[in-house]
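Student: Supplied in structure tokens, the structure appears directly below.
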Amino acid sequence: MNKDQIKGVTQQVKGKANEVAGKVTGNKAHELKGDAQQAVGKTQQTWGDAKEQVKKGS
């Protein structure tokens, strides 16, 4: 597992927490921030996965 995969998963977890907090408090902006963090985290994790595949292929 590389740093991009770890950072991506961490970002997704933070995003999910923000999304849930936003839903519980009724704060739509907080909820949307969580959704955005999750998307960024997923992208970063996917990038890390691709880097691992290239590394294994070499």
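The values are calculated or read from the model by the stated rules, or taken from the named source; none is laboratory data. The model shown is predicted, which means the values in this text are computed figures rather than measured ones. The area values use the complete protein model at the heavy-atom level, side chains included, leaving out ligands, DNA and RNA. Shrake-Rupley method; radii C 1.70, N 1.55, O 1.52, S 1.80 Å.
Student: Could you list all residues from the stretch 41-50 that are of a type outside the set (S, T, N, Q) and open to solvent by 80 Å² or more (accessible area, probe 1.4 Å)?
Tutor: Matches in the stretch 41-50: Lys42, Trp47.
Student: Give the residues of the stretch 4-35 that are within 13 Å of the chain's Cα centre (by Cα) and open to solvent by 70 Å² or more (accessible area, probe 1.4 Å), sorted by residue number. Walk me through it before giving the result.
Tutor: Applying the first criterion (within 13 Å of the chain's Cα centre (by Cα)) to the stretch 4-35 yields 4-19, 33-35.
If the condition is that a residue be within 13 Å of the chain's Cα centre (by Cα) and open to solvent by 70 Å² or more (accessible area, probe 1.4 Å), then Ile6, Lys7, Val13, Lys14, Lys16, Lys33 are the ones that fit.
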